[in-house]
Amino acid sequence: MKTNAGNFFEDFTLGQVIEHATPRTITEGDRAIYGAIYPTRFAVPSSAEFAASVGLSPHPVEEMVGFHVAFGKTVPDVSLNAVANLGYAECRFHQPVVPGDTLRTRSEVIGLKENSNARTGVVWVRSTATNQRGEVVIDWARWVMVHKHSAESPAPETVVPSLADAVAPGDLVVPAGLDFSAYDTAAAGSPHLLGDYGVGERIDHVDGVTLTDAEHMMATRLWQNTAKVHFNTDARPDGRRLVYGGHVISLARALSFNGLANAQLVAAINAGAHVAPAFADDTVHAWSEVLEVAELEAPAVGALRLRLVATRGRDESMTLRGEDGKYADGVLLDLDYWALVPR
Amino acid sequence: MKTNAGNFFEDFTLGQVIEHATPRTITEGDRAIYGAIYPTRFAVPSSAEFAASVGLSPHPVEEMVGFHVAFGKTVPDVSLNAVANLGYAECRFHQPVVPGDTLRTRSEVIGLKENSNARTGVVWVRSTATNQRGEVVIDWARWVMVHKHSAESPAPETVVPSLADAVAPGDLVVPAGLDFSAYDTAAAGSPHLLGDYGVGERIDHVDGVTLTDAEHMMATRLWQNTAKVHFNTDARPDGRRLVYGGHVISLARALSFNGLANAQLVAAINAGAHVAPAFADDTVHAWSEVLEVAELEAPAVGALRLRLVATRGRDESMTLRGEDGKYADGVLLDLDYWALVPR
Amino acid sequence: MKTNAGNFFEDFTLGQVIEHATPRTITEGDRAIYGAIYPTRFAVPSSAEFAASVGLSPHPVEEMVGFHVAFGKTVPDVSLNAVANLGYAECRFHQPVVPGDTLRTRSEVIGLKENSNARTGVVWVRSTATNQRGEVVIDWARWVMVHKHSAESPAPETVVPSLADAVAPGDLVVPAGLDFSAYDTAAAGSPHLLGDYGVGERIDHVDGVTLTDAEHMMATRLWQNTAKVHFNTDARPDGRRLVYGGHVISLARALSFNGLANAQLVAAINAGAHVAPAFADDTVHAWSEVLEVAELEAPAVGALRLRLVATRGRDESMTLRGEDGKYADGVLLDLDYWALVPR
């Protein structure tokens, strides 16, 4: 067999290291397509001048560009036969990605647990994206439920890794040179600095975007993510193309500009759940909740820990869970991340 | 409120200056997406070699790229609550935009007039886009009808600015260095020079393009234009996404290549009316009428003043208005502009 | 008439040379859009680092980017009034196209044959794309059936050019500097080198992509291909937009990564038939057959001659023709090409 059938649960062993194909060079073309597909307006990735004015030069692309590219590389090896993406943790952005950078990704299997049905198992991997200088750019843990080849295969020893609930503020990596001392709030689009946000505050980002198949496929392909369900109407019984979960993340993050325009840089992703599938014709809205506020060492730099919730249709009540503790109807994404914000 | 609710009629005062967020750097990615969304083939923006051969280096992007970016910045502040875009005037392109340029836009309120219904008013603004060197790149006047917050608010003093019907040929800005003396008509795609066009001549551009939602949304997002009606099927009672008027301008301009291949550069927009809304599945055609022919000082450079009309479906009769003086059925756009043409 | 009505059969004469408008500069934006529209993952065009590691720097774009741009230029002059694209032959890629290159295309009429119905004729052209240094980048022969203006026009002398069934391995042009000695199979995504492929071997590329109108129109516009049938629902009686045949080529080539990840560079196209039309909502799959295996002079470089077949729906039986010798139902494309592969 010269084609890739993907890995099944039995193919993973604890400590196994997978070098993912294929390296990918980021370009100004990626920035432009990202901006055509997501309604992003954050000043740092939008303007080379603004980025330079806060110490970032050459001009970084949106953090999620790097994340999706790095993540996409893992799909053919890790999640081609996945039943579900179960979660993310400990994702840190170590340095900005700039046009000309070439990313490659390596994953190590850090946990395995067969499910009681003997048909599936959970695989935990820690993935690391490096650039052309071998420097770490992004790393993260992720766990997925994967089909077993055969219910007869013996179960491996269960190892469940211990993962932090959230990256501690002191563990956030501030990009070298970042300095918000001369931050231009008028150019950035909002006067609200770190101190203006309080824990528990919720922000309805108001705007909504109705999804199309062409757009989510283009985005997902740009990241070289090859999961069939996103592209092929024959891959699911309902004949619909499942929207890549990362598409909803990027869309919600872009929508959050309206209310969080100064949440310039994503520094870490603490946790993420793709609560419900999204499809073309769904109209996606977003709201955020402030979970934590932290001052960092870098000049005038602070961090907001935010819950970013994407919903199908607008929920002005911003309800995450019902009284039964389950996610409310219409919730698509529940993402917990850290953003760097001027203080 | 941390989200932007947009300005209502009462929020505008005569002489008010608004610095629009967020600056935006133009890249080769923008050129490529523009070429993927509009069927443009003008030789100057298509070929760096051709552009250099007429004195333009580095390689300019299509003028409308700069216009849409500069215009998009004004939307959150000027027209988020607009009932209608009423018109443009005195739009001049002061210098070519090249990849690497960062544009920002500032607007000044130059006129106000409350409507007799006391529910809406007309706001005139003069907007100026500057680059990273602070030089003026594009400026234009525009007037929009905006909702009042409350019918009870007192009306401001009525001030209607005096705007020129058209930019005079002597006021057109020819890009520094432009020289059409060695113009290669074979490469450009047409043998027809300035002298071959006569006032009153009409040209049916023949080709048509059927619109899709994915494409007009991608274009409109690229310009960071955030008006809800373009993206969200819940924003209008009919559940359709209104096509951004500038999308129709760029589409018609691109279609005009077939008949006006040597109308290389847009120098000014004299007036523009979005006569009827456009939606996905409409097939857009275009025709042009020559309004004025002018010789300019620059070597072998002339200017054609053109009426560019976009229609839903092809109208081989090229009828702008019916006998009642109203725009003919199917007319979407009536744009009056100046193009620089070799003579 | 200032608009281009295209050429009819009577307009072509043997030996006629046509300089096609308009030159086009390739950019990183083109690479990015190509990667958004086609699921390509070949390591050379994906990674500047990988490309440099095999001797290719600056970073080439996918060969088909150059081909489509060069081909698109010929459409307004050669095939605007075409009934059908009948075939390709002797297409060779003489050097990689890199961002910054400006391509122009010239065609010479090398054959003419009126059909017995006197209403159409076949035109053979040899087209040559050159770069800004005047160097040949790609050349190919192509023949199309074109409408006559009038059935009354006299038939020209019949001249049918002699075209090779395939480019001989010794005539393939290996890019200057290409050296696969240090080829990294893990990065490239497959351990299978030249010697692992045997003549007659068939590979089912498994994955499928369901087409959308927005995507094929964007791709086709990017190549400045103006044929109406791709863009205008009024151009065909069935109201459908015909997918540009080259779109299916690029899609099938990208899908072939899964099984042919090391078929890095397209060196020649020997023959190609667009067997059936493709439309939005068709799900395109692909399979390949190894036709010939050749070792070349360049270090560690070999060549695979491959038949690349695109189908509507997946055909695991990989049947090209039925017992009647006709193409099997569902076959869209039958392309015979040479790829450069590490040995």
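The values are calculated or read from the model by the stated rules, or taken from the named source; none is laboratory data. Note that this is a predicted model, so its numbers are computed, not measured. In this analysis, Cβ positions are derived from the backbone assuming ideal geometry, glycine residues included, and neighbour counts consider all displayed protein chains.
Restricting to region B:1-52, and then to whatever is at the interface with chain A (Cβ under 9 Å from one of its Cβ atoms), surrounded by fewer than 21 Cβ atoms within 10 Å (Cβ to Cβ) and not β-branched (V, I, T), can you tell me which residue is farthest from B:H216 (Cα to Cα)? Here the residue is B:M1. Here B:V167 clears all of (1) outside any loop (DSSP other than H, G, I, E, B); (2) within 16 Å of B:R92 (Cα to Cα); (3) touching a Phe, Trp or Tyr at 6+ places or on another chain (Cβ under 8 Å) except the condition numbered (1). Of all residues in region C:121-143, those that are surrounded by fewer than 20 Cβ atoms within 10 Å (Cβ to Cβ) and more than 21 Å from C:E62 (Cα to Cα) total 1. Inspect region A:234-242 for any residue being at pLDDT 95 or above, touching a Leu at 6+ places or on another chain (Cβ under 9 Å) and farther than 30 Å from A:E135 by Cα and give the result as yes or no. No; the residues of region A:234-242 include none that is at pLDDT 95 or above, touching a Leu at 6+ places or on another chain (Cβ under 9 Å) and farther than 30 Å from A:E135 by Cα. From the list B:A310, B:A303, the one residue that fits, being within 20 Å of B:Q95 (Cβ to Cβ) and crowded, with 20+ Cβ neighbours inside 10 Å, is B:A303. Within region B:110-143, the set of residues being under 18 Å from B:L86 (Cβ atoms), outside any loop (DSSP other than H, G, I, E, B) and small (G, A, S) comprises B:G111, B:G121, B:S127, B:A141. Of the candidates A:D234, A:D238, the single residue that is without any contact (Cβ under 8 Å) to a residue 60 or more places away in the chain and under 17 Å from C:D207 (Cα atoms) is A:D234.
Reported count of residues in region B:94-105, each being more than 12 Å from B:S127 (Cα to Cα) and part of a strand (DSSP E or B), is 2.
In this structure, is A:L178 among the hydrophobic types (A, V, I, L, M, F, W, C), over 23 Å from the mean Cα position of the chain (by Cα) and under 21 Å from A:A298 (Cα atoms)? Taking the combined requirement at face value, the residue does not satisfy it.
Is it the case that region B:303-325 has a residue that's in contact (Cβ under 8 Å) with a residue 12 or more places away in the chain, over 19 Å from the mean Cα position of the chain (by Cα) and in a strand (DSSP E or B)? No.
Select, from B:V146, B:V160, the only residue that is touching a residue at least 12 places away in the same chain (Cβ under 8 Å), crowded, with 16+ Cβ neighbours inside 10 Å and under 27 Å from B:L335 (Cα atoms). Full working, then the answer.
Working: B:V160 fails: crowded, with 16+ Cβ neighbours inside 10 Å.
When all the criteria are applied, what remains is B:V146.
Per the listing B:D213, B:D234, B:D204, the residue uniquely crowded, with 22+ Cβ neighbours inside 10 Å and facing another protein chain (nearest Cβ under 10 Å) is B:D213.
When residues in region A:255-282 are screened for being in contact with a Lys or Arg (Cβ under 8 Å, 6 or more places away or on another chain) and within 14 Å of another protein chain (Cβ to nearest Cβ), 7 of them pass. Remark: A:A168 matches the filter, which requires a residue to be under 21 Å from the mean Cα position of the chain (by Cα) and surrounded by fewer than 16 Cβ atoms within 10 Å (Cβ to Cβ).
Is it fair to say C:A276 is in a loop (DSSP other than H, G, I, E, B) and either hydroxyl-bearing (S, T, Y) or farther than 18 Å from C:D334 by Cα (or both)? Answer is no for this residue. With the structure loaded, tell me whether C:V229 is away from chain A (no Cβ under 14 Å) and not basic (K, R) or whether it fails that test. Here the answer is yes, as C:V229 does meet what is asked.
For A:N117, the criteria (1) over 26 Å from C:E62 (Cβ atoms); (2) surrounded by 19 or more Cβ atoms within 10 Å (Cβ to Cβ); (3) more than 20 Å from the chain's Cα centre (by Cα) hold in every case but one, which is (2).
Against the conditions (1) within 26 Å of A:R24 (Cα to Cα); (2) assigned to a loop (DSSP other than H, G, I, E, B); (3) not aromatic (F, W, Y), C:H149 satisfies every one except (1).
Here is the figure for region B:85-114: residues that are more than 19 Å from the chain's Cα centre (by Cα) and farther than 29 Å from A:A52 by Cα total 6.
From the residues in region B:156-183 that are closer than 27 Å to C:P23 by Cα and in contact with a strand residue (DSSP E or B) (Cβ under 9 Å, 6 or more places away or on another chain), which one is nearest to the other protein chains (Cβ to nearest Cβ)? By that ranking, first place goes to B:Y183.
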